[in-house]
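These notes concern the structure reproduced below.
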Amino acid sequence: MKGPLFYAKILLFGEYGIIKDSKGLAIPFNAYRGALKTSKNLEGISKKSNENLYKFYTYISNLNSDIVSFNLAAFKKDLDKGMYFDSSIPQGYGVGSSGALVASIYDEYAADKITVLENLTREKLLKLKEIFSLMESFFHGKSSGLDPLNSYLSLPILINSKENIEPAGIPSQKRGKGAVFLLDSEQVGETEPMVNIFMNKMKNEGFRKMISEEFALHTDACIENFLQGDVKSLFGNVKSLSKVVLKNFKPMIPDAFHKVWENGIATNDYYLKLCGSGGGGYILGFTEDYKKAQESLKDYKLELVYRF
């Protein structure tokens with residue numbers, strides 16, 4: 001057995017904001033992927049994956065949901081045969097490792113599944129998101145369902161609000177100097193503690209005001225600029241967003257990167273923002289001149305995501 005490939009995702013804009021119903025834009029990231037495979041001789045990582053899938057199987061068996069049901073007998077049979085999730089997606093890096101796994105299990109075992117080939121109405125997208133939220137909560141405690149949705153559809157997704165999501169057409173890549181890139185913090189981040197910090201901060205009226213009046217405003221502007229291909233305005237808004245994040249989301253930025261973050265804003269060589277919940281993993285970078293950013297960040301590992 002070898003399942004279809006499911007890709008990593010990058011939430012370009014909207015981390016934390018989408019929890020509070022502001023806009024988000026997620027794109028598939030094909031450099032990392034995963035698929036269900038079977039082996040008679042499980043060892044190391046594949047053995048651990050098989051053990052974790054057994055736990056996930058137990059979780060899904062107890063869901064008792066009226067919006068989705070699974071062929072549990074087939075799932076169990078494949079696990080007994082040595083099924084595991086073979087993935088190159090780094091865990092705890094903010095690029096949707098559990099999302100790809102959830103998408104692959106839904107694709108393989110869901111009864112009456114909504115397929116990518118049918119007409120994806122808003123209702124179907126929201127239903128898929130709800131199903132995936134339910135499934136992925138096994139990994140994160142609370143999940144928006146967005147990562148698996150992105151991985152399953154392999155399409156850019158625009159989140160207008162919790163009740164309004166749609167596939168988005170993003171401008172095709174250019175061969176220009178500008179780029180979106182990943183900066184490797186070389187630390188693993190955990191989603192749940194970071195989300196808990198955010199939820200506690202949201203109890204503060206000043207923080208809530210900042211989210212709606214600054215963070216969401218800049219995020220929405222960035223998404224609009226990106227989708228319209230307005231690169232000049234985009235970098236102005238990304239710089240503003242980078243400043244707001246540095247000022248208000250310090251616990252989510254690994255300590256070693258506070259200065260690196262400040263340096264980007266001061267020199268305009270690049271601007272950084274959170275990739276996923278932060279706390280480690282990847283940091284997302286935007287630059288008008290990728291060569292210049294590479295020189296400024298020569299001590300770090302960078303990975304190209306998108307060219308302007």
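The values are calculated or read from the model by the stated rules, or taken from the named source; none is laboratory data. Source: prediction; values computed, not measured. Neighbour counts run over all protein chains shown; Cβ positions are idealised from the backbone, glycine included. We work out accessible area using only protein heavy atoms, side chains counted, and drop any ligands, DNA or RNA first. Shrake-Rupley method; radii C 1.70, N 1.55, O 1.52, S 1.80 Å.
Ligands, DNA and RNA left out, the accessible area of the chain computed with a 1.4 Å probe is 48% carbon and sulfur.
Per residue, the solvent-accessible area of the chain (1.4 Å probe, heavy atoms of protein chains only, all protein chains present) comes to 47 Å². To the nearest ten degrees, helix 97-109 and the longest principal axis of the Cα atoms of the chain are 30 degrees apart.
Per-peptide packing, taken as the mean over residues of other Cβ atoms within 10 Å, places 207-215, 113-121 in the sequence 207-215, 113-121 from highest down.
Simple rule: put +1 on each Lys or Arg Cβ and -1 on each Asp or Glu Cβ in the chain, find the dipole, and look at Thr38, Val305, Leu158; the Cα lying farthest toward the positive end is Val305.
Beyond 18 Å, what share of the Cα-Cα pairs of the stretch 121-176 is found? Please give it as a whole percent.
Details: 539 of 1540 pairs.
I get 35 percent for the Cα pairs in the stretch 121-176 exceeding 18 Å.
Size of the stretch 71-188: Rg and Dmax of its alpha carbons, in Å, are 16.2, 52. Note on Lys247 and Tyr59: with the Förster distance fixed at 22 Å, the Cβ-Cβ geometry gives a FRET efficiency of about 0.05. The GNM of the chain, with springs linking C-alpha atoms under 10 angstrom apart, assigns the highest mean-square fluctuation among Gly278, Gly264, Gly141 to Gly141.
Using only the alpha-carbon atoms, how far is helix 122-140 inclined from the longest principal axis of the chain? Give it as 0 to 90 degrees, nearest 10. Orientation of helix 122-140: about 80 degrees from the principal axis. The angle between the Cα long axis of helix 44-61 and the main principal axis of the chain comes to about 80°, on a 0 to 90 degree scale. For the stretch 1-152, the share of alpha carbon pairs falling in successive 10 Å distance bins from zero is 11, 42, 36, 10, 1 percent. Think of each Lys and Arg Cβ as +1 and each Asp and Glu Cβ as -1; about the Cα centre, that makes the dipole of the stretch 122-209 roughly 440 debye.
Ranking Ile223, Pro148, Asn237 by Cα position along the charge dipole of the stretch 126-245, where only Lys, Arg, Asp and Glu carry charges on their C-beta atoms, puts Asn237 farthest toward the positive end. Quick note on the stretch 96-252: its Rg to Rh ratio, both from C-alpha atoms and Rh being the Kirkwood radius, is 0.98. Using all pairs of distinct alpha-carbon atoms, the Kirkwood hydrodynamic radius of the stretch 261-307 works out to 11.1 angstrom. Each Lys and Arg Cβ is given +1 and each Asp and Glu Cβ -1; about its Cα centre, the stretch 46-191 then shows a dipole of about 260 debye.
Using the Karplus relation 6.51 cos²θ - 1.76 cosθ + 1.60 with θ = phi - 60°, the per-residue 3J(HN,Hα) values for the stretch 196-208 come to 5, 4, 4, 4, 5, 5, 5, 6, 8, 4, x, 5, 4 Hz, with x marking Gly and Pro. Percent of C-alpha pairs per 20 Å bin in the chain, short distances first: 33, 56, 11.
Beyond 20 Å, what share of the Cα-Cα pairs of the stretch 178-256 remains, rounded to the nearest whole percent? Walk me through the intermediate numbers first.
Working: 1341 of 3081 pairs.
Result: 44 percent of Cα pairs exceed 20 Å.
Per the Kirkwood definition applied to all pairs of different Cα atoms, how many angstroms is the hydrodynamic radius of the stretch 225-308?
On the way: mean 1/r = 0.0762 Å⁻¹.
After inverting the mean inverse Cα-Cα distance, the result is 13.1 Å.
The charge dipole of the stretch 148-291, taken about the Cα centre with unit charges on the Cβ atoms of Lys, Arg (+1) and Asp, Glu (-1), comes to about 260 debye, rounded to the nearest 20.
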